[in-house]
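Novice: Pasting in a structure now, in structure tokens, and then I'll have a few things to ask.
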Amino acid sequence: MSSFESKVREALANPQNQGEIPDADAMGTVGSPECGDMLRMWLKFTEKDGKRVIDRASFQAFGCQTAIAVASMATELLRGKTADEAKHLTASELTGDLGPLPPMKIHCGQLVEGALRNALDNDSPGAAAVETGTMAPTLASSLQRKAGGTLRIVPLD
Ligand code: FES
């Protein structure tokens, strides 16, 4: 087993920050029409030393193990970051201890990055909590598959 695979396995043995944050300030959902995987991320902010920083980040994934492992790492890394700092994290930084993703798995990291960016774009206190109530039941059904073509990571309404 490669060291990447063993790190993924390790992260999956104890994934961090899974599940909804009911009173989240922001939520982002993306789906990959190519592989059929989806990921939703919630962010909760707090005030620290006069700055608004991420207090908690969580995720729910309908996706592959790599996406779950990356989301677990990323949600840990996000704690204490401002929205601006979070916005500037690249997909490869979000993988944390997993290190660079193999070429076939790059889009799994991009799914996490996409959910984060979508959440940051939707950042308005209280908005996510309201939306979650109406969106959650349609999450799986809202994914659209696209036949052929290139990979797209799309924000979902
Ligand atoms: Fe699609 Fe990993 S295979 S997110």
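The values are calculated or read from the model by the stated rules, or taken from the named source; none is laboratory data. Everything numeric in this text was worked out from a predicted model, so none of it was measured. Neighbour counts are summed over all protein chains in view; Cβ atoms, including those assigned to glycine, are modelled from backbone coordinates with ideal geometry. Only protein heavy atoms, including side chains, enter the accessible area calculation; ligands, DNA and RNA are left aside. Shrake-Rupley method; radii C 1.70, N 1.55, O 1.52, S 1.80 Å.
Novice: Which residue pairs have Cβ atoms closer than 9 Å, lie 6 or more positions apart in sequence or on different chains, and pair a first residue in segment 36-57 that is of a type in the set (Ser, Thr, Tyr) with a second residue that is not in a strand (DSSP E or B)?
Specialist: That search, which allows pairs on different chains as well, returns nothing.
Novice: Could you say whether any residue in segment 7-14 is open to solvent by 40 Å² or more (accessible area, probe 1.4 Å), away from the ligand (no atom under 14 Å from the Cβ) and hydrophobic (A, V, I, L, M, F, W, C)?
Specialist: Yes.
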